[in-house]
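Each remark here refers to the structure printed beneath this line.
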Amino acid sequence: MSQASTLTLPPLGLAARRTRVMGVVRRDFAALRRSPVRVFEIFFWPSVELVLWGFMTLFLRAQRVPFAVTFLLGAVLLWQVLQKASNEISIAFLEDIWSRNLLNVQVSPLSSAEYLAGLVLFSLGKVVFALAVMAALALGLYGFGVTTIGVGLVPFMGVLLVLGWSLGLVGIAAVLRFGENAQVIAWSLVFMVQPLAGIFYPVSVLPAPLRAVSEFLPASHVFEGMRTVLSGGPVPWDRLAWAAGLDVVYLAATVGLFAWALTYARRHGKLSRFGE
Amino acid sequence: MAILRASHLVKRFGPVTAVRDVSLTVGEGEIVGLLGPNGAGKSTTLHMLLGLITPDAGSVELFGMELARHRTEALSRLNFAASYVDLPGVLRVGEVLDAFARLYALRRPRERVAELVELFELGPFVKRRVMALSSGQRTRVQLAKALLNAPRLLVLDEPTANLDPDAGDRIRGLLTRVAAENGSAMLITSHNMREVERMCDRVHFLSGGVIVAAGSAAELAGHYGAEDLEEVFLKVARG
């Protein structure tokens, strides 16, 4: 038996796969710990949005607009779930490009699925952390408890997380296909969803063609559902089921897109050129 | 027995053919050099052998397995370092090695990292960020990373390009010794002909994407009527 085989776990075994996935998580966590700016960033922008919209709700409440606080603050909190899930997964991948470390990762036994699993797990941790900070702020500053959303909160967040990861994968695929200049797609894609998702207003205000598009956006069903719950209605499980189904389809499609983009990058020698 | 067998590799990038028809083998414990002028196709060839670039034609077999089908198994037994690849600068040396120890699914990552820290005399820097190291110190960290899994094949693309002669000499000595102890084979590209003469059992010369000469340094010097490998290089590069 060679020294290598005694040093390492069987590469296709479950223990090795778990070790590699957690290796990605540990590495990204260590990088985060060493970068105070990144830690600051996790809750800075969400907090800015929360404070901004919080004051807006105070004004609207003074104008006796019903549900202003709950609708807007609930929307800001859930929007951050979507935005951060999308951006964090892209950033984690881009970090490997920026640090010229991508080739080291690509020649390691880490499979694409394990790499993505690691990125997703790490982004989940960051989203949860940011959300906890924002929820505490919302409660402390505006008396809005995130649990007001009730039992729907977890599935609402789940749908948005998965949609965010799918969008993040599209951003990564764009960078693999078009090169580093496509980073802008990774950042901005989620903002294309924003106007169609009815985050701060009901989808009914959209023109008919855009309303039809929003029907196929899982996020629009989440935000409509959130408003229903906050108005005192029941959790619209049928809408949630439709949104979850869409999520599954989009996630499968974007994983396929990522696999295709990686194959394209390998075929055209693009991996070798990142970070040059 | 060949642990690496590349057969008739071809790679085109648009109208440019970077590699025309490259076949090579690396045997167990053997140190093989891949030489050639800039643009000869060395890095493209290495990247095809590592699965970073998909060849247009030809095949790569590592440890008796087709790389395209057994990527994880094959890559777990090799490792790689290059002068143009870096490590996450924000991390401390110990954190970088620990992270890669886990990506290679080592059974006892801490113990192995400690061994390599000692071997490469990285103790004083282990808590320093990679970005704060000199290029020589960074190269040592890269090579420590490349030896984490005691690879059966170590692929090095100009490993000592950023080092001064003294540091380069020490690294060469260390690599040769460790490879002999582990029974690791090495495939190296370098522009330092003395380095190649000193380390390599066999050399392949690439020019225009084709292997134009192969053999030991002495055989090649004899074949080209040259004093040493540097002269062979000049003759090959200038046609």
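Along the range A:182-191 the Karplus relation, 6.51 cos²θ - 1.76 cosθ + 1.60 evaluated at θ = phi - 60°, assigns HN-Hα couplings of 7, 3, 4, 5, 4, 6, 9, 4, 5, 6 Hz to successive residues, with x for each Gly and Pro.
Cross-link reach is defined here as a Cα-Cα straight distance under 18 Å, omitting same-chain residues fewer than 8 places apart; for B:K235 the lysines meeting it are B:K42. The loop-placed chymotrypsin sites (Phe, Trp or Tyr not before Pro) in the range A:37-136, going by DSSP, that have at most 16 neighbouring Cβ atoms within 10 Å of their Cβ come out as A:F67. Here the Debye sum runs over all C-alpha atoms of the range B:85-150 as equal scatterers in vacuum, and log10 of I(q)/I(0) at q = 0.12, 0.26 Å⁻¹ comes out as -0.23, -1.15.
Under a 5 Å amide H cut-off, with hydrogens placed 1.01 Å from N, A:F144 pairs with A:L139 among residues at least 5 apart or on other chains. Within straight-line reach of A:K84, meaning a Cα separation under 15 Å, sit the following aspartates and glutamates at least 8 residues removed in sequence or on another chain: A:E41, A:E49. Note that the range A:193-207 has calculated 3J(HN,Hα) couplings of 6, 3, x, 8, 8, x, 6, 9, 8, x, 4, 4, 7, 6, x Hz, one per residue in order, obtained from phi through the Karplus relation 6.51 cos²θ - 1.76 cosθ + 1.60 (θ = phi - 60°); glycine and proline are x. In this Cβ point-charge picture (+1 for Lys and Arg, -1 for Asp and Glu), the range A:12-273 has a dipole of about 620 debye about its Cα centre. Sorting B:Y84, A:Y264 by accessible area puts them as B:Y84, A:Y264; the probe is 1.4 Å, largest comes first, and only protein heavy atoms count.
For B:I3, the amide hydrogen comes within under 5 Å of the amide hydrogens of B:V26, B:G27, B:E28, counting only partners 5 or more places away or on other chains and with H modelled in the peptide plane. For the range B:178-188, putting each phi into the Karplus relation 6.51 cos²θ - 1.76 cosθ + 1.60 with θ = phi - 60° gives couplings of 5, 4, 5, 5, 7, x, 7, 8, 9, 10, 10 Hz, in residue order, rounded to whole numbers and with x for Gly and Pro. The H on the amide N of B:A68, modeled in the peptide plane, is under 5 Å from the matching H of B:V60, each at least 5 residues off or on a different chain. Annotation for the range A:1-80: trypsin sites (Lys or Arg not before Pro) lying in DSSP loop with at most 13 further Cβ atoms inside 10 Å of their Cβ are A:R64.
Ordering A:G269, A:F156, A:L7 by Cα displacement along the dipole of chain A toward the positive end leaves A:L7 in first place; charges were set at the Cβ atoms of Lys, Arg (+1) and Asp, Glu (-1). Taking Cα centre as origin and charging only the Cβ of basic (Lys, Arg, +1) and acidic (Asp, Glu, -1) residues, the dipole magnitude of the range B:85-150 rounds to 160 debye. Dipole orientation for chain B: of the candidates B:P124, B:L106, B:L34, B:L106 has the Cα lying most toward the positive pole (charges on Cβ; Lys, Arg +1; Asp, Glu -1).
The calculated 222 nm mean residue ellipticity attributable to helices in chain B amounts to -11000 deg cm²/dmol, summing -39500 (n - 2.57) over DSSP H runs of n ≥ 4 and dividing by all residues.
Between the alpha-carbon centres of the range B:81-105 and the range A:116-170 there is a gap of 30 Å.
A cut-off under 14 angstrom between Cβ atoms defines the neighbours of A:G13, and their net charge, with Lys, Arg +1 and Asp, Glu -1, is +2. Taking trypsin sites (Lys or Arg not before Pro) in DSSP loop conformation with at most 15 other Cβ atoms inside 10 Å as exposed sites, chain B has its longest uninterrupted site-free stretch at B:129-237. In chain B, the portion of solvent-accessible area held by carbon and sulfur atoms comes to 47 percent [1.4 Å probe, whole percent, DNA, RNA and ligands not counted].
The values are calculated or read from the model by the stated rules, or taken from the named source; none is laboratory data. Note that the coordinates shown come from a computational prediction; the quantities given were computed from them, not determined experimentally. As a convention, Cβ positions derive from the backbone with ideal geometry for all residues, glycine included, and neighbour counts pool all protein chains shown. Note: areas computed on protein heavy atoms with side chains; ligands, DNA, RNA excluded. Shrake-Rupley method; radii C 1.70, N 1.55, O 1.52, S 1.80 Å.
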